[in-house]
Amino acid sequence: MLHGEMKSLQGQFLVAMPMIDDKRFTESVLFVVEHNRDGAMAIAINEKIPRIRFADIYEDLTSSISPDPAGTDKIQGRTPRGMASRPVLKGGPVQTNRGFLLHELGEEAEGISFHVTNNIFLSASMDTLRAIAKMPDPGRAMFALGYCGWQPGQLEDELANNTWLTVPFSDELLFDADFGKRYDFALKLLGINRANLSAFGSRA
């Protein structure tokens, strides 16, 4: 339990209410990857970085950490279902030069991965990034730059002020829904739409 009777929201979604003060989060859908007494962390999942694909930044990320003169870090086999052509998301305003990978591979992926839910993992490990970059089909996997963070009690205060709505976990929302339609998709999971969103929030 957190902040009185509040339960951890890890593995759930946050949907920005229209009156949110920080306009960087207007119509944002966030996936909460960690929430405990030390604060919270989430990855925004509904905004792509324009004209940028995973392959465009992968080699820059790996070479900035360890030079690769042998070329072992290059993406192998740019298959249609591989990571190379997948979009890069704006994960949040914190550490925007750092990459985060949400995936379902679990122990199949090399490196260290944080267990978010029963089958969803988060990794910032370069070993994991390298391994998944070279897979012909890594399955459901999503890459973002940056994250959203809250100090202890901060998210709870924002929820009390109706800044966010909470949405239960949905793998379809996380991995399958069209990025540009995820805000409306998340509202639909709650049985509401933009027209009655403000009224719903005032009752939450």
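Worth a mention:
- First in region 49-63 and on the phi < 0 side of the Ramachandran plot and loosely packed, with under 15 Cβ neighbours inside 10 Å, second anywhere and modelled with pLDDT of 90 or more and β-branched (Val, Ile, Thr), Cβ under 6 Å, 6 or more apart: 52/88
- Residue in region 141-148 that is at pLDDT 90 or above and in contact with a His (Cβ under 7 Å, 6 or more places away or on another chain) present: yes
- Condition met for residue 129 (assigned by TED's automatic domain parsing to the domain that holds residue 22, crowded, with 17+ Cβ neighbours inside 10 Å and within 18 Å of the chain's Cα centre (by Cα)): no
- Qualifying residues in region 138-169 (those that are of a type in the set (Gly, Ala, Ser) and under 13 Å from the mean Cα position of the chain (by Cα)) - the one surrounded by the most Cβ atoms within 10 Å (Cβ to Cβ): 144
- Among the criteria (1) buried (at least 17 other Cβ atoms within 10 Å of the Cβ); (2) in a helix (DSSP H, G or I); (3) in contact (Cβ under 8 Å) with a residue 12 or more places away in the chain, the one residue 135 does not fulfil is (2).
- All positions within region 13-34 that are within 16 Å of residue 147 (Cβ to Cβ) and touching a strand residue (DSSP E or B) at 6+ places or on another chain (Cβ under 7 Å): 13, 14, 16, 25, 28, 29, 30, 31, 32, 33, 34
The values are calculated or read from the model by the stated rules, or taken from the named source; none is laboratory data. Remember, predicted model here, so these are calculated numbers, not experimental data. Using ideal geometry, Cβ is built from the backbone for each residue, glycine included, and neighbour counts are taken over all protein chains shown.
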